[in-house]
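The values are calculated or read from the model by the stated rules, or taken from the named source; none is laboratory data. What you see is a predicted model, and the numbers here were worked out from it, not measured in a lab. All Cβ positions, even for glycine, are placed from backbone atoms using ideal geometry, and neighbour counts span all protein chains on display. The area values use the complete protein model at the heavy-atom level, side chains included, leaving out ligands, DNA and RNA. Shrake-Rupley method; radii C 1.70, N 1.55, O 1.52, S 1.80 Å.
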Amino acid sequence: MLSPSSSPDQGWRRAGPAVAAAAMHGFVVGSYGWTEGSLGPQPLLSAVKLPFLIGVSALVASPSYWAAASTLGLGRELSQVADALIRALDVFTRVLVSLSPLLLVFYFSTVSYDWAVLGNGPVFFLATCAAGGDLAVGLRPLLHRKPRHGAALLFFGVAFVLVAIQLAWSLRPFVGRPGEPFAFFREQAFTNAYEALLALVRASLE
């Protein structure tokens, strides 16, 4: 949360720890092969991919906020908002790491690869909610003065989630499928993530 005494660059100091936390959780995400006795390099690869996923998604989604803020005449507080966004991403990665042990328990409790993949959804959802809450509290004085910032931030949040889902699909696998040859990317990586997600949900329920 931002305080009156905080300087705009304090949030940037959290970038390094956030990357480290994302890498640690990525390692856990890629460790599903432990349950099948087949690990390979997937955890290390996922430890690299997850910080990349979060960072690139934030960078790609950021112009949507700046464009919305400029359109609404909110350009003076952009440095304060940028600082708060970095702090929120730090909260996001810290929550991911705190939930890593639960994800491991889930991995060892399921024999279905599809369920192992879907099990990551609630973890990322909870982390997203925590980051959104931190952002709302940190920017409460600003939002009170200029409520239009809320619309710009909502626009950024939707763009971030949509970009992250598609990019995660393109960068898969994060969770290696036991018994299959190791692959840096799946075949047909650049396809529609949302169609594949619906198909995965249907297959899990059958």
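Side notes on the structure shown:
- A probe of 1.4 angstrom, applied to the heavy atoms of all protein chains, finds residue 180 with accessible area near 90 square angstrom.
- Structural size metrics of region 88-190, computed from C-alpha coordinates, are Rg and Dmax of 17.0, 56 Å.
- Solvent-accessible area of residue 143, all protein chains in place: 50 Å² (probe radius 1.4 Å, heavy atoms, ligands and nucleic acids excluded).
- Gained length - residue 185 relative to residue 44, 0.36 nm times residue gap less alpha-carbon distance: 49.4 nm
- Each label point was placed 7 Å from the Cα along the Cα-to-Cβ direction; for residue 72 and residue 144 their separation is 1.8 nm.
- Solvent-accessible surface ranking, highest first, for 156, 184 at 1.4 angstrom: 184, 156
- Per residue, region 68-133 exposes 47 Å² of solvent-accessible protein surface, assessed with a 1.4 angstrom probe and all protein chains in place.
- Largest to smallest accessible area among 86, 165 [probe 1.4 Å]: 165, 86
- Rounded to the nearest 10 square angstrom, residue 66 shows an accessible area of 80 square angstrom against a 1.4 Å probe.
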